[in-house]
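The values are calculated or read from the model by the stated rules, or taken from the named source; none is laboratory data. All values derive from a computational prediction rather than experimental measurement. Ideal geometry is used to build each Cβ from the backbone, glycine not excepted, and the neighbour counts take in all protein chains shown. Surface accessibility is based on the protein's heavy atoms, side chains included, excluding ligands, DNA and RNA. Shrake-Rupley method; radii C 1.70, N 1.55, O 1.52, S 1.80 Å.
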Amino acid sequence: MTAASPEAPGPAAKRSAFDRLLEGDPGSLARALSLLERGGSEADGLAARLRPHTGRAVVVGFTGPPGAGKSTLIDAYVAALRAEGERVAVLAVDPSSPLTGGAVLGDRTRMGTHTRDDGVFIRSIASRGHLGGLSVSVPLLLDAVDAAGWTTIVLETVGTGQSEIEIVDFADIKVVLSAPGLGDEVQAMKGGVLEIADILVVNKSDLPLASKTRQQLKDAIALRDPNRDVPPVVSTSATKVEGIRELVAAIRTRAQESTGDASEVRIARRLRGLLRRSVEAELNRRLARVDESHLDRLCHRLRTGAVTVPEAARELLLTCQQQGDHP
Ligand SMILES: Nc1nc2c(ncn2[C@@H]2O[C@H](COP(=O)(O)OP(=O)(O)OP(=O)(O)O)[C@@H](O)[C@H]2O)c(=O)[nH]1
Ligand SMILES: [Mg+2]
């Protein structure tokens, strides 16, 4: 979208808005995020200008099933960091329950970034209404927050193993939550998220079945690749603010262990994720434009055994590629 808008001022104004963003101005950052979320050529240009200014931030991803208590736990985590004077930004992807800002911000979060605690920046990202663009925009949003000087960025995503956004591509430290009372929660998590966890959290440990969930988790991680470190399992109660200090310590330890994870490594991780997701999004766009009759003919040849599935898939890929050459 390139139409003129308050977020898209003329070149002179744009430069100073850009400078203000680099200086950490929350309003400029919020406007940049809106532009990047919408996508389009102006967003692409902004993303390219931002990139040389990125690389300082460590992204801490919180993922887990819906209702596991991610938002509540993030509130408590942010409060703990604020108590130590650390600045922290939070990006929540499509939260069905809002981040309240909890002990730190209370109801003031409703005012979005106009909160008076300038040590916290909170932004919710709605995935509704996007045409496969969300997975591409998230790393760009991380870049912008990073360039604006936030050195800790918390990313909340629902991790079902099927979500469009999985933190694995974008988070430097991956915190995976489980909680009792979500059905067969650990079973549901086996499909991938357990594999990627740096830290496992059993939240809602105030509930009676928490110890069972904890044991199930331990059993499940025993099946992980034996060459990988066993992640710590931290019990928390986000609502009772218990186990938060342990969580902060586990995240810090992990961050120190991965100091080999230099800024260039972190940036490369984000860019690899971005590229992969961009290719997927572009391919999906092209697939959607393939002629129905072309697809019908291909399916007919499959049906009659004239082509194998891999042959048909390769042919379709070629069609998609030619479409890109002659859009
Ligand atoms: N008993 C108990 N309830 C909790 C705890 N943490 C969160 N909850 C409750 O669980 C519900 C869901 O919490 P959220 O923080 O919204 O969970 P979420 O994982 O962010 O949920 P989605 O964003 O919808 O995926 C809320 O009613 C919380 O009050 C906890 O430690 N103990
Ligand atoms: Mg949430």
key: Three-way shape call for segment 190-253 based on the alpha-carbon gyration tensor, with the a/c threshold at 1.5   = oblate
ask   = Arg301: accessible area at probe 1.4 Å, nearest 10 Å²?
value = 80 Å²
inquiry  = Tell me the accessible surface of Thr63 in square angstrom (1.4 angstrom probe, heavy atoms of protein chains only), to the nearest ten.
reply    = 0 Å²
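How many percent of the accessible area of segment 190-327 is carbon or sulfur, using a 1.4 Å probe? Don't skip to the end; give the middle numbers.
Working: 4830 of 8770 Å².
That share works out to 55 percent.
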ask   = If you put +1 on each Lys and Arg Cβ and -1 on each Asp and Glu Cβ, how big is the dipole of segment 209-327 around its Cα centre, in Debye rounded to 20?
value = 400 debye
key: If the convex hull is drawn through the Cα atoms of segment 253-327, its volume per residue in Å³   = 135 Å³
ask   = Per-residue accessible area for Ser124 at 1.4 Å probe radius, Å² rounded to 10?
value = 60 Å²
